[in-house]
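What follows is a short report on a single structure.
The values are calculated or read from the model by the stated rules, or taken from the named source; none is laboratory data. Being a predicted model, the structure only gives us computed values, none of them experimental. Here the Cβ is made from the backbone with ideal geometry for all residues, glycine too, and neighbour counts use every protein chain on show.
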Amino acid sequence: MSESTPETTESIAKTIIGFIAAQKTLDPNTITPASTFEELQMDSLDKINLSFEVEERFGISIPDNALDSLKTVGDIVAGVQRIQAEKP
């Protein structure tokens, strides 16, 4: 995917779900955009590690204060899309 072409919601979600599944040793088919971090038993360290993975994969920077407001997988997908849309 080129830098100028934003990825689709589905491809972003699939990538993020893959990161979470690998990190928490879960079946990716059990994770949806509506899955909460609480349901996935993700603590603050897991969220930080996930943010590093997402930042590296998508070439974005997630503000540290944004992590606390993210509650679901869908929140991360929407955040990635918003940051990509704001990139020059």
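Quick check on this structure: which one of 68, 27 is acidic (Asp, Glu), out of contact with any strand residue (DSSP E or B) (no Cβ under 8 Å at 6 or more places or on another chain), exposed (fewer than 10 other Cβ atoms within 10 Å of the Cβ) and at pLDDT below 95?
Details: 27 fails: at pLDDT below 95.
That would be 68, the only listed residue that is acidic (Asp, Glu), out of contact with any strand residue (DSSP E or B) (no Cβ under 8 Å at 6 or more places or on another chain), exposed (fewer than 10 other Cβ atoms within 10 Å of the Cβ) and at pLDDT below 95.
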Does residue 50 meet the test of being within 11 Å of the chain's Cα centre (by Cα) and at pLDDT below 90? no
Quick one: residue 55 ticks every box in (1) in contact with a helix residue (DSSP H, G or I) (Cβ under 8 Å, 6 or more places away or on another chain); (2) surrounded by 13 or more Cβ atoms within 10 Å (Cβ to Cβ) except a single one, so which number is it? (1)
Which of the residues belonging to segment 9-23 are in contact with a Pro (Cβ under 9 Å, 6 or more places away or on another chain) and surrounded by fewer than 17 Cβ atoms within 10 Å (Cβ to Cβ)? 9, 14, 18, 21, 22
Test result for residue 39, at pLDDT 95 or above, assigned to a loop (DSSP other than H, G, I, E, B) and either on the phi < 0 side of the Ramachandran plot or out of contact with any Lys or Arg (no Cβ under 6 Å at 6 or more places or on another chain) (or both): yes
Say we look at segment 42-80 and pick out the residues that are not charged (D, E, K, R) and not in a helix (DSSP H, G or I); which of these is nearest to residue 10 (Cα to Cα)? 72
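Based on what the data block shows, is residue 34 in a helix (DSSP H, G or I) and aliphatic (A, V, I, L, M)? Walk me through it before giving the result.
Working: in a helix (DSSP H, G or I): no; aliphatic (A, V, I, L, M): yes.
So residue 34 fails the test.
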